[in-house]
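Structure, as structure tokens:
Each value in this text was obtained by applying a stated rule to the coordinates, not by laboratory testing. From a predicted model like this one, the values you see are computed outputs, not experimental measurements. A quick note on method: Cβ atoms are made from the backbone with ideal geometry, for glycine too, and the neighbour counts reach across all protein chains shown.
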Amino acid sequence: GQSLEQPSEVTAVEGAIVQINCTYQTSGFYGLSWYQQHDGGAPTFLSYNALDGLEETGRFSSFLSRSDSYGYLLLQELQMKDSASYFCAVNRDDKIIFGKGTRLHILP
Amino acid sequence: NAGVTQTPKFRVLKTGQSMTLLCAQDMNHEYMYWYRQDPGMGLRLIHYSVGEGTTAKGEVPDGYNVSRLKKQNFLLGLESAAPSQTSVYFCASSYGRDEQYFGPGTRLTVT
């Protein structure tokens, strides 16, 4: 089987940095993805880590360590529009399995 | 370029009724997926397809059937709707195994 664990909620202050962790129990997967979903909207792709290490895309960075079965999404210079749910997902075989999501609350 | 579209956006069914949800993509993607999303449960994969004429079961396939007769379309059918199938349904497509593009979703209520 496979499962992903991420915190259900995280709170941070506007302008700060926040890290959302994801641990997984699966093997033989191609990579770790992150998606953002605003209330009432559809998930949108943020990043994909096929290899260990850090991937940076603007204010967002994502990290993967296969040896530790661990990854994280780092959001810098938080803005109110970053208030959303964030999902990690493993790409295994021909499908993607999602975690239950982390709700990010941003305080002004 | 419309991306991924879903029809209908909203639907209310009575228990036992049937319906088909349509997903269409204009990006020439090989892979297509159907998910359901329930509060606190994240996205759960129902069925998926790796190309025209192929389908496979995901995590929660019971009570659903799918067809991929054309590359651009992926249909999800509910033969006999149950209240447990009340959910938001998302379709997604991808070129490969990385980035998925999602449709806007279909909100289904079964009474």
> What is the fewest-to-most order of B:Met27, B:Met19 by other Cβ atoms lying within 10 Å of their Cβ?
Replying inline: B:Met27, B:Met19
>> Give me a comma-separated list of calculated 3J(HN,Hα) values for segment A:45-59, in order, Karplus coefficients 6.51, -1.76, 1.60 applied at θ = phi - 60°, integers in Hz, x for any Gly or Pro.
In response: 5, 10, 7, 9, 10, 8, 10, 4, x, 9, 10, 10, 9, x, 7
>> Run the simple label-point estimate for A:Ser8 and A:Tyr70 please: 7 Å along Cα→C-beta, distance reported in nm.
In response: 2.3
> Shielding of B:105-111 by partners, i.e. mean partner chain Cβ atoms within 10 Å per residue?
Replying inline: 1
> How many partner chain Cβ atoms sit within 10 Å of a residue's Cβ in peptide B:34-45, on average, as a whole number?
Replying inline: 4
>> List the residues, sorted by chain then number, that are 5 or more residues from B:Gln17 or on another chain and whose placed amide H is less than 5 Å from its amide H.
In response: B:Ala81
>> Give the average, rounded to an integer, of partner chain Cβ atoms located within 10 angstrom of each Cβ in B:91-99.
In response: 5
>> For the protein assembly as shown, give me the percentage of DSSP beta bridges that are antiparallel, rounded to the nearest 5 percent.
In response: 90
>> Need one word for chain B: rounded, prolate or oblate. Basis is the Cα gyration tensor (sqrt eigenvalues a ≥ b ≥ c); a/c below 1.5 gives rounded, then a/b vs b/c decides.
In response: prolate
> Listing B:Cys91, A:Cys22 from the residue with the fewest other Cβ atoms within 10 Å to the one with the most, what is the order?
Replying inline: A:Cys22, B:Cys91
> Which listed residue (A:Tyr70, A:Val10, A:Ile20) has the Cα farthest towards the positive end of the charge dipole for segment A:5-76, taking +1 on Lys and Arg C-beta and -1 on Asp and Glu C-beta about the Cα centre?
Replying inline: A:Tyr70
> In what sequence do A:His105, B:His29 fall when counting other Cβ within 10 Å, fewest first?
Replying inline: A:His105, B:His29
>> Spelling out what I want: for every residue of segment A:95-101, take phi, set θ = phi - 60°, compute 6.51 cos²θ - 1.76 cosθ + 1.60 (Karplus), and round to whole Hz; glycine and proline get x.
In response: 9, 10, 10, 9, x, 7, x
